[in-house]
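Just so it is clear, none of the values below were taken in a lab; they were calculated from the coordinates. Since this is a predicted model, take the numbers as computed values, not measurements. Because the Cβ atoms are built from the backbone with ideal geometry, glycine has one as well, and the counts that use them run over all protein chains shown.
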Amino acid sequence: MALPVRLESPIRVRFDECGADGWLRSSAALRYAQDVAWAHSEAAGFDRRWYGERGLMWLVRCLRLEMRGRVTSGTVVGVSTEVTGWRRVWARRHSEIRGRDGALLAIVTTDWVLLGPHGLPVRIPTEILAAFQARLPDFQPARVDLPTPTAQAQRGGLVVRRHELDPVGHANHAVYADWVEEAVVAAGGEAAVTAVPRTTALEFVRSAAAGMAVTSATWRQPDGAWACLLTEPSGAELLRARLTGG
């Protein structure tokens with residue numbers, strides 16, 4: 001069944017989705033975008049059961065969050081989503097969060113890759129392409145390129161907790177935004193984390209499971225942006241991130 005290109009849903013900002021400063025957390029904005037994207041898919045008949053029966057799963061590989069306004073608890077916002085590009089095993093979604101007055105509060109651009117039963121990328125089924133307009137343009141998947149951490153980089157660590165996992169069994173992509181912001185604050189970048197506007201780019205390299213020890217290296221780049229690299233105990237990269245603001 002064909003769908004409208006764009007789906008929008010109202011969401012009331014909960015008290016616990018805001019930080020100590022009273023404003024909506026970056027991770028909450030990412031969860032809104034994820035939830036409305038799933039609602040869009042389910043409306044076309046592609047719910048989690050449909051994917052589960054075929055051994056398919058969408059995985060976020062890279063995203064860009066632009067926070068352009070401040071949102072407080074109790075506010076009702078409109079969250080939209082639309083598929084803006086296809087690339088064999090990839091799909092790009094564009095989401096916006098707007099106030100009741102139409103003011104643009106945040107933009108989320110997410111590159112998803114479709115994985116098959118063996119955990120490897122697979123071609124997007126034709127029925128999905130038909131439902132979400134197959135004639136969308138191709139795109140170049142986003143990347144976050146980071147140099148080697150400097151000797152002055154702030155080092156830290158954490159252990160992945162069970163409540164940070166999603167139904168797939170690994171740390172949800174929104175959780176990484178919290179980890180990055182905590183690392184940036186520890187490195188002296190609190191002004192960047194609370195700034196508006198600010199932009200956060202995250203590239204996911206590997207998944208993190210419950211109990212995994214994660215090491216962070218965070219430093220300020222010459223252009224003023226904050227870089228954060230998360231690695232697992234073997235030294236393999238989990239996430240490359242860049243935060244600009246303040």
Residues in segment 64-100 near a label at residue 129, defined as backbone nitrogen under 12 Å from the 7 Å Cα→Cβ point?
-> 86-90
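Can you show me the helix-derived [θ] at 222 nm for the chain, built from DSSP H runs with n ≥ 4 at -39,500 (n - 2.57) apiece and divided by the number of residues, rounded to the nearest 500.
Details: 5 runs with 50 residues, N = 246.
Rounded to the nearest 500, it is -6000 deg cm²/dmol.
Would you please report the Å³ per residue occupied by the convex hull of the alpha carbon atoms in segment 62-123?
Details: hull volume 6.3 nm³, N = 62.
Per-residue hull volume (Cα only) is 102 Å³.
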Please give, to one decimal in nm, the separation of the simple spin-label points placed at residue 76 and residue 118, each 7 Å out from Cα toward the Cβ.
-> 5.0 nm
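What number do you get for segment 6-131 when its Cα radius of gyration is normalised by 2.2 N^0.38 Å, N = residues?
Dividing the Cα Rg of segment 6-131 by 2.2 N^0.38 Å gives 1.12.
Using a ≥ b ≥ c from the Cα gyration tensor of the chain (square roots of the eigenvalues), is it rounded, prolate or oblate, where a/c under 1.5 gives rounded and otherwise the larger of a/b and b/c decides, a/b for prolate?
oblate
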Rounded tilt (10° steps) of 26-43 against the dominant C-alpha axis of the chain | 10 degrees
Cα-based shape type of segment 154-245, given that a ≥ b ≥ c are square roots of the gyration tensor eigenvalues and the cut on a/c is 1.5 | prolate
In terms of the alpha carbon gyration tensor, root eigenvalues a ≥ b ≥ c, rounded if a/c is under 1.5 and otherwise prolate when a/b exceeds b/c or oblate, segment 49-88 is prolate
In nm, to one decimal, how far is the residue 87 label point from the residue 42 one, both placed 7 Å along Cα→Cβ?
-> 2.9 nm
Using the per-residue mean of other Cβ atoms lying within 10 Å as a proxy for protection, in what order, highest first, do the peptides 86-99, 69-82 fall?
-> 86-99, 69-82
